[in-house]
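Everything on this sheet refers to the single structure shown next.
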Amino acid sequence: MRRMAPFRFLACIGLLLAASCSGGSSPNSPAKLHVALLSPGPVNDNGWNASAYEGLLRIEKELGAKKSQQQVKNPSEFEEGYRSNARAGATLIFGHGFEFGDAALKVGKEFPGTKFLVSAGAPGVHSENVASMVWRVEDAAYLCGRIAASLSKTGKAGCVGGEDIPPVRSAFNAFEQGAKLGNPNFEVRQVYVGNWHDIGAARAQTLSLIEAGCDVLFHDADAAGLGMLEAAEQKGVFAFGCTKDQSSSAPKAVVASAVTDVPKSFVEIAREIQEGRFRGRRIEWTRKEGMVGIVWNPAMKARVPAEVLKQVEELDSKIASGSLKIPYSAQ
Amino acid sequence: MSLPLEQPAHLAVALATPIALAAVGETIVESTGVLFLGLEGAMLVGALGAVLGAHASGSAAVGVFCGIAAGSIFALLFAFLTLKLRADDVIAGTAMNLLAAGGTAVAWRAALSRAGGDVRAPGLEPLTVPLLSEIPFLGTVLFQHHAITYALILVVPAAGIFLFRTSAGLRWRAAGESPLAAASLGIATISVRARALGICGALAGAGGACLSIADTRTFVEGMTAGRGFLALALVIFGNHRPGWVGSAALLFGGALAAQYGFAAAGWNVAPEAFRALPYVLSLAVLALFVGKRRAPSGLGQGLG
């Protein structure tokens with residue numbers, strides 16, 4: 001066996017150390033914003049984590065902030081992730097997922113000068129310097145449901161969820177209420193994949209939904225949702241995208257997508273801190289702030305009856321003005 | 001007008017296909033005495049290889065071959081580690097799974113960023129078999145699938161006949177029962193095992209290709225979602241007999257299709273119980289109907 005020369009071995013270690021430190025920072029002037037992102041998954045998942053990273057990049061560009069990003073997998077890393085970034089001088093740290101809640105509250109006490117943000121945080125996750133924010137995709141899901149009722153011939157829609165958790169169920173319930181506005185007897189069936197990446201299972205479950213008579217589909221399943229879109233496209237039924245505009249994934253199936261503007265919300269929070277307006281609280285981003293909404297697939301919009309389009313527009317402006325409140329079930 | 005249960009039965013066959021392919025491959029390789037735990041990894045590599053191959057060439061058929069080749073190369077790497085470098089089967093297999101999970105993620109991200117964020121492969125279209133697909137019920141259930149499923153229908157009996165009805169199969173099994181005794185009779189154990197691994201990797205790769213370009217036309221990190229491990233379990237339940245292993249996969253696919261059917265019908269009384277149904281049912285049936293367990297006695301024992 002060949003042996004690696006010791007100095008080469010040391011050089012490798014040195015390189016590794018240098019590489020692992022490059023994400024950190026030297027102490028910087030307090031006036032400058034330094035924003036860190038802790039993401040629970042890879043930032044190029046074209047979904048949840050990608051949108052957060054996009055937010056971080058926009059903060060860097062629009063507010064001239066210094067940025068750092070770190071992927072943390074398990075709860076034992078959450079606190080350490082917060083601590084190391086706070087020590088490195090971060091003024092604002094995003095923990096992108098409700099699972100970061102406890103760690104943010106705990107480390108928040110140790111670093112009163114640093115602001116902590118928890119995405120999709122549970123109620124009660126906030127203190128002096130800790131805030132949580134949720135996106136009420138329900139506002140858009142409600143409109144999708146109303147459109148779905150007008151497109152369905154069978155009066156049945158199917159919803160494919162990743163995991164059976166309150167925010168997903170709440171989005172599907174809003175979808176159902178929107179659909180019932182168009183057709184009081186409308187039926188919505190909810191199925192759950194059990195994870196966020198088994199695209200094959202999501203597709204098979206969608207086929208079962210179509211077989212059971214559902215001719216309009218909605219999802220909240222992140223990457224697995226692509227399986228639903230694929231099945232809808234193949235079987236020629238209508239579908240609604242989620243989180244991002246997904247009309248390119250199934251151009252002949254997707255009528256509209258219920259989208260959340262995560263990057264814009266990130267910039268908003270960073271701006272609050274820069275301008276000294278920040279206070280720890282629970283923030284609900286809704287249609288009202290323009291953080292949630294529907295995006296049409298232009299090619300499919302013509303399939304929706306004109307009077308429904310008009311009603312959807314009216315409902316949308318009512319939701320935007322706050323005169324129509326979509327109930328958020330659970331959570 | 002389709003007959004009742006026709007569509008669920010069709011779905012059962014489709015769901016069973018990738019798992020059955022990998023499981024039959026593992027049956028062959030375990031018969032020669034190698035425990036290939038890297039099955040999940042081989043499927044994942046096959047799934048990615050198929051999408052990238054189909055995307056680059058514009059042809060789904062080329063994609064399937066790329067998937068098969070990727071799975072096969074992956075398994076041959078395992079052969080190199082265990083047969084040449086004499087690494088432990090279990091440790092090497094586990095390491096290979098980790099390598100596949102990380103490696104496919106890195107490769108996929110590189111492909112995504114090169115393609116500008118969206119890689120869509122041409123999908124493998126279903127082929128309807130003339131005449132046979134006209135048979136009521138069975139025609140729809142068995143003969144309206146894509147080519148990979150038809151390949152599976154041929155591979156299961158072929159594997160059974162090869163292992164148990166040919167002299168070459170006898171030599172392969174001898175390498176699994178007692179590699180030393182087999183070697184003393186002039187059987188090239190290492191070469192037999194390496195060839196078996198190549199075949200197993202190819203079958204698992206085909207299973208992965210089935211998941212990625214036959215069913216969904218894209219890749220998602222970790223999309224095999226444990227199907228390779230499930231296939232490992234089915235080999236034990238199916239008692240290392242290709243026919244039984246294939247049936248076990250079909251039974252599992254059927255239970256899965258039933259669970260999806262119940263959920264789609266809105267029977268959400270105890271979703272957790274329904275979700276466990278495929279596993280419980282497979283376990284119960286196989287425990288009752290498959291005879292005495294017998295694994296090759298040289299399984300995972302290295303070269304003796």
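For the reader, a short list of remarks on this structure follows.
- Gain upon complete extension [A:Ala122, A:Arg277; 0.36 nm per residue less C-alpha separation]: 53.5 nm
- Cross-link partners of A:Lys310 among lysines, defined as those whose alpha carbon lies under 29 angstrom from its own and excluding same-chain residues fewer than eight positions apart: A:Lys153, A:Lys156, A:Lys180, A:Lys235, A:Lys244, A:Lys252, A:Lys264, A:Lys288, A:Lys301, A:Lys318, A:Lys325.
- Surface accessible to a 1.4 Å probe, per residue, for the residues of the protein assembly as shown, Å²: 43 Å²
- Crossing angle, helix A:48-63 versus chain A [Cα axis fit, 0-90 degrees, rounded to tens]: 60 degrees
- Interface residues, the stretch B:211-256 - accessible area loss of 50 Å² or more versus chain alone, probe 1.4 Å: B:Asp215, B:Thr216, B:Val220
- Buried accessible area, chains B and A (both chains, 1.4 Å probe, Å² to nearest 100): 2200 Å²
- Rounded to 10°, Cα long-axis angle of helix A:101-110 versus longest principal axis of chain A: 30 degrees
- Applying a length cut-off of 24 Å (Cα extent along the axis) and a mean Kyte-Doolittle floor of 1.6 to the DSSP H helices of chain B leaves B:60-79, B:147-165.
- For the stretch B:23-128, the pair-distance distribution built from all alpha carbon pairs, in bins 10 Å wide starting at 0, is 15, 40, 29, 14, 1 percent.
- The stretch B:68-198 shape via C-alpha gyration tensor axes, a/c threshold 1.5: oblate
- For the stretch B:1-23, residues shielded by at least 50 square angstrom of accessible area compared with the chain on its own, probe 1.4 Å: B:Leu11
- Relative to the longest principal axis of the Cα atoms of chain A, helix A:6-21 runs at roughly 50 degrees.
- For the protein assembly as shown: rounded, prolate or oblate by the Cα gyration tensor [a/c cutoff 1.5]: oblate
- Shape of the stretch B:169-304, Cα gyration tensor, a/c cut at 1.5: oblate
- Part-to-part distance (alpha-carbon centres) for the stretch B:79-150 and the stretch B:182-234, which is given in Å: 9 Å
- Once backbone amide H atoms are built at 1.01 Å from N, A:Ala239 has A:Leu217, A:Val254, A:Val255 as its partners under 5 Å, excluding neighbours fewer than 5 places away on the same chain.
- Put simply, the amide H of A:Lys66, placed in the peptide plane, has neighbours under 5 Å in A:Leu33, A:His34, A:Val35, leaving out anything fewer than 5 places away on its chain.
- Long-range tail of P(r) for chain A (Cα pairs > 33 Å, %): 34 percent
- In the stretch A:244-299, trypsin sites (Lys or Arg not before Pro) in a DSSP loop with at most 12 other beta-carbon atoms within 10 Å: A:Arg277, A:Arg279, A:Arg281
- Amide H contacts of A:Ile283 (H built 1.01 Å from N, under 5 Å, at least 5 apart or other chain): A:Ser132, A:Met133, A:Val134
- Of the solvent-accessible surface of chain A, computed with a 1.4 Å probe over protein heavy atoms with every protein chain present, carbon and sulfur atoms account for 54 percent.
- In chain B, the portion of solvent-accessible area held by carbon and sulfur atoms comes to 72 percent [1.4 Å probe, whole percent, DNA, RNA and ligands not counted].
- Between the stretch B:1-61 and the stretch A:86-161, the Cα center-to-center distance that results, in Å: 37 Å
The values are calculated or read from the model by the stated rules, or taken from the named source; none is laboratory data. Remember, it's a predicted structure, so these values are computed and weren't measured experimentally. Cβ coordinates were reconstructed from backbone atoms using ideal geometry, including for glycine residues, and neighbour counts include every protein chain displayed. Quick note on the areas: whole protein, heavy atoms, side chains included, nothing else; ligands and nucleic acids left out. Shrake-Rupley method; radii C 1.70, N 1.55, O 1.52, S 1.80 Å.
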